[in-house]
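The values are calculated or read from the model by the stated rules, or taken from the named source; none is laboratory data. All of these numbers come straight from a predicted model, not from anything done at the bench. Cβ atoms come from the backbone with ideal geometry, glycine included; neighbour counts cover every protein chain shown.
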Amino acid sequence: MENALTLTNDMKLVLGLVGFTMAMFLFQRIRADLVALVVLVVLGVTGLIAPEEIFGGFSGNAVMSIIATMILGAGLDRTGALNRLATWLLRRGHGVEQRLLLMTTAIAGLNSSFMQNPSVMALFMPVASRLSSRTSLSLQRLLLPIAAAIVMGGALTMVGNSPLILLNDLLVSANNNLPSGMATLEPLRMFAPLPIGVALLIASLLYFRYYGDKKLKEETETNVTPARTESYFANTYGIEGDVFELIVTAESPLVGMSLGEAEAMHDAPLMLALQTGNDTRLAPPADMRIWVGSVLGVMGPRQQVADFGQNHFLRLSSRLRHFGDLFNPSRAGISEAVIPPTSKLIGKTAAELRLRKQSGISLLAINRDKKVLREDVRKIPLRAGDMLVFHSIWQDLHLAAESRDFVVVTDYPKGEQRPHKFKIAMTIFALTIIIALTSKLPVSLTLMTGVAGMLLTGVLRMDEAYAAINWKTVFLMAGLIPLGWAMDSSGAAAWVAGHTVERLPEGMPVWLIEIAVALLTTLFSLVISHVGATIVMVPMAINLALAAGGNPTAFALIVALSASNNLMTASNPVISMVTGPANYTSRQMWRVGGPLSLIYTVVVVLAVNALFWWNGRAA
């Protein structure tokens, strides 16, 4: 151990890179995936990782498994599986709140065992919205329990979340630096963590059944989120649902103006459509010109629209003569969408993105930190967690949502694209899981077999499969994996572990060290994401276990599970997706998510030790 405790230049460089990564993630000066790329390049240039191995993360089992789970999830979504699920839940729930809540959260948790957690949350947002609009359950009482169940359910299999997918690769690479005579660490089987995942999921369901739901109910009784209707948008955003037509006369000062200039006028209603000659546009571009005889489709209170029309020599039509078909609720309407942390829209304004011109979507308002922004809304840079209020044709919204740069919360009419492929998709999915259970093939290869099946049978097209992959997640993971290797090979992990054990009280029980490791990993995950926390902490945990006489695989598994134990802040991608739509305050998140995180830590340590004790007894 002595040489491991001597701090070398290589160790200093690796620990410096860990510090740099944490600082960049914390202050968000550089995008997370770019930070990972910088770390990768530095590791290669300095020779800490051999040039022929530096890009090994991109071809590793972990990254390929993540890509495969994203594509499989998209295949299930294309067949309308989740729409069927919402209908089934409403039917089986029989209107009983607690039963509906329990069934929805349990099924969301089970779904997350085979799909990436943010993907499951994106699929369940419209399900929650539909349930909320047809029952007395508010979105606040639905979304946090669903998000918690998804995080817990990720522990049911080794492909449920990114840290567990990474774990096997990190265990295999740790074998290169184990002390001589030490038994090699075996990769964990697909369903190895199942008992732990079951315990976590049950803990989450019981927590919200007997404590969490009461807390959410207490805090939201005065602010129940009603159904996604015109009255909801009027109450929440001051957006009236009435649509009117204004015809531009020859005397009007609007003649010759661009639509953007007209919108900027004092007391202008929301301008959603424009007809000039034969050119009729819903969500017209801001540079489209207004001429004599043009017809404006506007939304607002009747009196405001009438006053604006009178002041600017516009004739108010008694009914929708030109835009009747465009504003048909089955064809177009208002919707809400949340910006996930991986979105390419972050930092850009609606004007820069040209949402109306490119996607046919009008941005009406932004709900940010419980404040509704409506003034100059097109010039406000967007942030992760922002709730955007759109008006659009449903088909345009559906096409724009495929980019996954925003997640539509409103349950809007959209045709299930390939419902006739539902049985084929479910059969391929079931066969994939059976092969994973019964064969000795790597999980990544098994999942890719399912992907190939969905592509060959037409459940998905190849370009849709590419679109389903979140490349930011792929680059983040592939870029940081070599940092974990360098922590191991340079001896930095052993050095940190050795110094830690030296400072621990003599005879400190292993389970207490495990709890400390679990809490430290949770704190890391608040700062450097669950992927970063896993990559930095697993090598340290393995070395700590060796120094303290614990089980290295058990310590590593505790780290991988604890990396997802962030139920209080938006640094967890799943939690960031629900805070906007449900208007959670940070106080609510800590009051409800905090105790659950502590329960999570206790359950993980107990369940991991029970599992390894049982396995040791069985062996």
When you scan region 1-54, how many residues do you find that are under 14 Å from A493 (Cα atoms), among the small types (G, A, S) and in contact with a helix residue (DSSP H, G or I) (Cβ under 8 Å, 6 or more places away or on another chain)? 1
When region 537-577 is examined, which residues are found to be assigned to a helix (DSSP H, G or I), under 30 Å from I146 (Cα atoms) and of a type in the set (G, A, S)? A554, A556, A560, S562, S576
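For region 306-344, which residues satisfy the criterion of being among the charged types (D, E, K, R) and either surrounded by fewer than 23 Cβ atoms within 10 Å (Cβ to Cβ) or modelled with pLDDT of 90 or more (or both)?
From region 306-344, those among the charged types (D, E, K, R) are 307, 315, 319, 321, 325, 331, 336, 344; that's our starting set.
Correct list: D307, R315, R319, R321, D325, R331, K344.
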Determine whether region 413-424 contains at least one residue that is among the hydrophobic types (A, V, I, L, M, F, W, C) and free of Cβ contacts under 8 Å to residues at least 24 places away in the same chain. no
Considering V531, V527, V501, which residue is buried (at least 22 other Cβ atoms within 10 Å of the Cβ) and either β-branched (V, I, T) or part of a helix (DSSP H, G or I) (or both)? V531
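For region 442-461, name all the residues that are under 13 Å from I424 (Cβ atoms) and part of a loop (DSSP other than H, G, I, E, B). Break it down into steps so the answer makes sense when it comes.
Taking region 442-461 as the starting set, the residues that turn out to be under 13 Å from I424 (Cβ atoms) are 450, 453-460.
Within region 442-461, T457, G458, V459, L460 qualify.
Suppose we keep only residues that are small (G, A, S) and out of contact with any helix residue (DSSP H, G or I) (no Cβ under 8 Å at 6 or more places or on another chain) within region 222-259. Which one would you say is modelled with the lowest pLDDT?
Initially, region 222-259 is screened for residues small (G, A, S), giving 227, 231, 234, 238, 241, 250, 252, 256, 258.
If we keep only those that are out of contact with any helix residue (DSSP H, G or I) (no Cβ under 8 Å at 6 or more places or on another chain) too, we end up with 231, 234, 238, 250, 252, 256, 258.
Details: S231: 58, A234: 67, G238: 66, A250: 93, S252: 93, G256: 92, S258: 91.
Here the answer is S231.
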Would it be correct to say that T280 is touching a residue at least 40 places away in the same chain (Cβ under 8 Å), of a type in the set (S, T, Y) and touching a strand residue (DSSP E or B) at 6+ places or on another chain (Cβ under 8 Å)? yes
Pairs only if they're at least six apart or on different chains, beta carbon under 6 angstrom, first in region 498-509 and on the phi < 0 side of the Ramachandran plot, second in a loop (DSSP other than H, G, I, E, B); list them, first residue then second. G498/M1
Could you tell me which of the residues I366, I346 is farther than 15 Å from L272 by Cα and either in a loop (DSSP other than H, G, I, E, B) or within 18 Å of the chain's Cα centre (by Cα) (or both)? I346
So which pairs qualify, if the first residue must be in region 577-595 and within 16 Å of D213 (Cα to Cα) and crowded, with 19+ Cβ neighbours inside 10 Å, the second must be aromatic (F, W, Y) and modelled with pLDDT under 85, the Cβ gap must be under 8 Å, and the two must be at least 6 apart or on different chains? V578/Y584
In region 352-406, what residues are within 23 Å of S571 (Cβ to Cβ) and in contact with a Lys or Arg (Cβ under 7 Å, 6 or more places away or on another chain)? R368, P381, L382, R383, D386, D405
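Among A337, A351, which is the only one that is of a type in the set (A, V, I, L, M, F, W, C), outside any loop (DSSP other than H, G, I, E, B) and out of contact with any strand residue (DSSP E or B) (no Cβ under 8 Å at 6 or more places or on another chain)? Break it down stepwise before answering.
On the way: A337 fails: out of contact with any strand residue (DSSP E or B) (no Cβ under 8 Å at 6 or more places or on another chain).
Answer to the check: A351.
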Could you give every pair whose Cβ atoms fall below 6 Å, whose first residue belongs to region 374-390 and is farther than 18 Å from Q28 by Cβ, and whose second residue is polar (S, T, N, Q) and in a loop (DSSP other than H, G, I, E, B), counting only separations of at least 6 or pairs across chains? K379/T349
Please pick out the residue among F58, F25 that is outside any helix (DSSP H, G or I) and in contact (Cβ under 8 Å) with a residue 60 or more places away in the chain. F58
Out of R591, R587, I need the residue that is out of contact with any helix residue (DSSP H, G or I) (no Cβ under 8 Å at 6 or more places or on another chain) and under 25 Å from Q140 (Cβ atoms). Which one? R587
Inside region 457-493, the number of residues satisfying the requirement of being of a type in the set (D, E, K, R) and over 30 Å from R78 (Cα atoms) is 1
Single unsatisfied condition, T184 versus (1) modelled with pLDDT under 90; (2) surrounded by 15 or more Cβ atoms within 10 Å (Cβ to Cβ): (2)
Name, by its number, the condition in (1) touching a helix residue (DSSP H, G or I) at 6+ places or on another chain (Cβ under 9 Å); (2) within 30 Å of E502 (Cβ to Cβ) that does not hold for W613. (1)
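Which of the following residues is aliphatic (A, V, I, L, M), in contact (Cβ under 8 Å) with a residue 60 or more places away in the chain and out of contact with any Lys or Arg (no Cβ under 9 Å at 6 or more places or on another chain): I513, I469, I435? Give the steps one after another, and end with the answer.
Numbers: I513 fails: in contact (Cβ under 8 Å) with a residue 60 or more places away in the chain; I435 fails: in contact (Cβ under 8 Å) with a residue 60 or more places away in the chain.
Every option except I469 fails the conditions.
What tally of residues in region 152-173 results from selecting those that are among the aliphatic types (A, V, I, L, M), touching a residue at least 60 places away in the same chain (Cβ under 8 Å) and more than 16 Å from L194 (Cβ to Cβ)? Reasoning before the result, please.
Our first condition is that a residue be among the aliphatic types (A, V, I, L, M); within region 152-173, this holds for 152, 155-156, 158-159, 164-167, 170-172.
Still in the running and touching a residue at least 60 places away in the same chain (Cβ under 8 Å): 152, 155, 158-159, 164-167, 170-171.
Restricting the remaining residues to those that are more than 16 Å from L194 (Cβ to Cβ) gives 166, 170-171.
Qualifying residue count, region 152-173: 3.
Out of all the residues in region 460-477, which are over 15 Å from T342 (Cβ atoms) and surrounded by 24 or more Cβ atoms within 10 Å (Cβ to Cβ)? Walk me through it before giving the result.
The first filter runs over region 460-477 and keeps only residues over 15 Å from T342 (Cβ atoms), leaving 460-466.
Listed by number, the list holds a single entry, L460.
Being under 15 Å from V517 (Cα atoms) and buried (at least 18 other Cβ atoms within 10 Å of the Cβ) is the filter here; which residues of region 608-619 pass it? It would help to see each step written out before you state the result.
The initial filter retains those residues of region 608-619 that are under 15 Å from V517 (Cα atoms), namely 608-609.
Matches in region 608-619: V608 only.
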Among the residues that make up region 373-380, is at least one of them over 27 Å from D279 (Cβ atoms) and modelled with pLDDT of 85 or more? yes
The number of residues in region 142-190 that are under 26 Å from W590 (Cβ atoms) and in a loop (DSSP other than H, G, I, E, B) is 2
Find all pairs meeting these conditions: Cβ atoms under 6 angstrom apart; at least six residues apart or on different chains; first residue within region 306-321 and closer than 15 Å to H266 by Cβ; second residue loosely packed, with under 14 Cβ neighbours inside 10 Å and at pLDDT below 90. F308/D267
